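A.B. asks: Handing you a structure now.
The values are calculated or read from the model by the stated rules, or taken from the named source; none is laboratory data. These numbers were taken from a predicted model, which means no experiment stands behind them. Cβ: placed from backbone, ideal geometry, glycine included. Neighbour counts: every protein chain shown.
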Amino acid sequence: MIKFLNNSVAKKYSGKTCLLRIDLNIESGAPLDSYRLEAVLPTIKLLLKHNIKVVILSHRGRPLEISKIKNLGGIVNYTTRSFASILSKKLKTKVQFIPEFDFPKIKNQIDRSKSGSVFLLENLRFLAGEEKNDPGLAMQFSLLGDFYVNDAFAVSHRKNASVCAITKYLPSYAGLCLEKELKNLGSILKYTTRPFVIILGGAKLKEKILKLKKLVRKADSVLLGSNAFNESGIPKEPKFVWPDDARKNGRFIWDIGPFTVNSYADLINEAGTIIWNGPPGLFEKKGFEKGTIGIWKAVLSNRKAKIIIGGGETTASLSLIHNSKFIIPRNLFISTGGGAMLEYVNGKKLPAIEALK
Ligand code: 3PG
């Protein structure tokens with residue numbers, strides 16, 4: 001059974017220290033990417049309301065992999081440092097960044113701090129043991145706090161020390177954001193209302209189709225983005241709807257064209273269930289955002305269907321139609337997960353969620 005963080009759990013730990021795992025695998029400078037960050041604020045606020053000290057843990061990027069490929073000595077680009085000031089502003093309380101993994105020193109700093117202090121550790125993937133799910137490292141983390149909260153759904157498909165092994169050493173809970181993800185995504189494989197439409201775009205289309213195998217089997221149509229033209233090896237099944245027209249940049253196809261937007265919009269309007277992962281075009285490039293805007297408009301105008309949207313690029317593209325008056329409709333759930341969302345909706349057990357049980 002998963003234990004969920006709530007008011008009475010937080011009350012029990014009043015004055016204690018929480019190790020809170022979130023997912024800051026985002027561009028700190030890009031306003032587009034704030035969705036993941038905003039999603040975990042309610043959990044931090046709940047902990048602070050009960051005077052709990054919060055030690056935030058996160059990874060960012062794949063620094064060890066990249067530094068091997070590029071033979072880089074430094075891994076500076078992946079620091080989590082800039083998030084300390086971003087979080088400080090959002091929480092209206094100082095978030096202290098801890099740049100080094102000197103565990104006894106960190107422990108001392110936490111012990112000396114007053115209740116309700118917030119700390120942010122450096123990128124956990126700078127530590128070799130993180131991605132190896134190393135129990136020794138997990139134990140070192142655990143010595144910093146009294147209980148652990150996972151609010152990092154987006155990385156819960158990875159067997160990493162800060163989401164899996166750590167649960168062996170501390171009382172562990174699912175945070176408020178993770179709870180929402182499980183509630184909204186958990187039932188989709190069983191309960192789909194027809195017509196069931198899947199929209200897939202962005203990079204690695206073929207991989208996404210494979211990850212969603214069971215759902216693709218159930219779907220009535222799978223609407224493919226412009227990358228379907230660029231990527232080889234995508235199966236040609238009757239339910240796969242390919243773009244009719246394309247917006248090109250030289251030889252490359254960067255967006256779906258107006259006919260495709262209209263025909264996709266017709267299918268989206270009639271759908272009873274929609275899952276969308278990956279924008280249909282390279283919306284970040286000026287002149288190639290129209291397809292993505294068209295799909296957003298169609299999706300938002302269907303107020304009857306159960307709609308699940310996920311993937312970092314897709315949530316980032318929300319900014320195209322976002323304004324201060326934008327309220328997410330009740331029938332729509334935007335997941336913070338990319339790969340994790342694809343695996344979970346397709347019925348796969350995620351290691352970090354299993355570890356919480
Ligand atoms: C994500 O952005 O999907 C998660 O943070 C996981 O990142 P990873 O694919 O590098 O493990």
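A.B. asks: Which numbered condition trips up residue 264, out of (1) among the hydroxyl-bearing types (Ser, Thr, Tyr); (2) part of a loop (DSSP other than H, G, I, E, B); (3) touching a residue at least 60 places away in the same chain (Cβ under 8 Å)?
C.D. replies: The one condition residue 264 does not meet is (2).
A.B. asks: Could I ask something else about it? Six or more apart or on different chains, Cβ under 6 Å: which pairs go from a residue in segment 6-25 that's at pLDDT below 95 to one that's within 16 Å of the ligand (Cβ to nearest atom) and among the aromatic types (Phe, Trp, Tyr)? Could you list them?
C.D. replies: Final answer for the pair search is 24/83.
A.B. asks: Has segment 146-157 got any residue that is farther than 22 Å from residue 173 by Cβ and among the charged types (D, E, K, R)?
C.D. replies: Scanning segment 146-157, I find no residue that is farther than 22 Å from residue 173 by Cβ and among the charged types (D, E, K, R), so the answer is no.
A.B. asks: OK, next. List every residue pair whose Cβ atoms lie under 8 Å apart, where the two residues are 6 or more positions apart in sequence or sit on different chains, the first residue falls within segment 37-62 and is at positive phi, and the second residue, located anywhere, is more than 16 Å from the ligand (Cβ to nearest atom).
C.D. replies: Going by the 8 Å Cβ cut-off, the qualifying pairs are 51/14; 51/15; 51/115; 51/116.
A.B. asks: What residue, among those in segment 130-159 that are in a loop (DSSP other than H, G, I, E, B) and within 18 Å of residue 315 (Cβ to Cβ), is nearest to the chain's Cα centre (by Cα)?
C.D. replies: Ranking the candidates gives 152 first.
A.B. asks: Any residue in segment 190-197 that is at pLDDT 90 or above, under 22 Å from the mean Cα position of the chain (by Cα) and not in a loop (DSSP other than H, G, I, E, B)?
C.D. replies: Yes, there is a match, as at least one residue in segment 190-197 is at pLDDT 90 or above, under 22 Å from the mean Cα position of the chain (by Cα) and not in a loop (DSSP other than H, G, I, E, B).
A.B. asks: Given the criterion under 19 Å from residue 12 (Cβ atoms) and either within 13 Å of the ligand (Cβ to nearest atom) or buried (at least 23 other Cβ atoms within 10 Å of the Cβ) (or both), identify the matching residue among 169, 148.
C.D. replies: Sole residue among the options that is under 19 Å from residue 12 (Cβ atoms) and either within 13 Å of the ligand (Cβ to nearest atom) or buried (at least 23 other Cβ atoms within 10 Å of the Cβ) (or both): 148.
A.B. asks: Checking the conditions here, which among 156, 162, 187 is surrounded by fewer than 22 Cβ atoms within 10 Å (Cβ to Cβ) and either modelled with pLDDT under 95 or within 16 Å of the ligand (Cβ to nearest atom) (or both)?
C.D. replies: When all the criteria are applied, what remains is 187.
A.B. asks: Sticking with this structure for a sec: Is it the case that segment 269-283 has a residue that's surrounded by fewer than 18 Cβ atoms within 10 Å (Cβ to Cβ), outside any loop (DSSP other than H, G, I, E, B) and either away from the ligand (no atom under 16 Å from the Cβ) or within 16 Å of the chain's Cα centre (by Cα) (or both)?
C.D. replies: The answer is yes, given that some residue of segment 269-283 is surrounded by fewer than 18 Cβ atoms within 10 Å (Cβ to Cβ), outside any loop (DSSP other than H, G, I, E, B) and either away from the ligand (no atom under 16 Å from the Cβ) or within 16 Å of the chain's Cα centre (by Cα) (or both).
A.B. asks: Applying the selection to segment 172-207, what residues are among the acidic types (Asp, Glu) and within 20 Å of residue 330 (Cα to Cα)?
C.D. replies: Answer for segment 172-207, where residues must be among the acidic types (Asp, Glu) and within 20 Å of residue 330 (Cα to Cα): 179, 181.
A.B. asks: Go through 113, 142, 117, 85 for me and flag whichever is in contact (Cβ under 8 Å) with a residue 24 or more places away in the chain, more than 25 Å from residue 179 (Cα to Cα), touching a strand residue (DSSP E or B) at 6+ places or on another chain (Cβ under 9 Å) and not acidic (Asp, Glu).
C.D. replies: 113
A.B. asks: Would you mind finding the one in 162, 232 that is of a type in the set (S, T, N, Q), outside any helix (DSSP H, G or I) and within 18 Å of the chain's Cα centre (by Cα)?
C.D. replies: Checking each option against the conditions leaves just 162.
A.B. asks: Here is a check on your reading of the model: is residue 214 more than 20 Å from residue 338 (Cα to Cα) and of a type in the set (Lys, Arg)?
C.D. replies: Criteria not met by residue 214.
A.B. asks: Among the residues of segment 122-145, which ones are buried (at least 22 other Cβ atoms within 10 Å of the Cβ), within 16 Å of the ligand (Cβ to nearest atom) and closer than 17 Å to residue 356 by Cα?
C.D. replies: If the condition is that a residue be buried (at least 22 other Cβ atoms within 10 Å of the Cβ), within 16 Å of the ligand (Cβ to nearest atom) and closer than 17 Å to residue 356 by Cα, then no residue fits.
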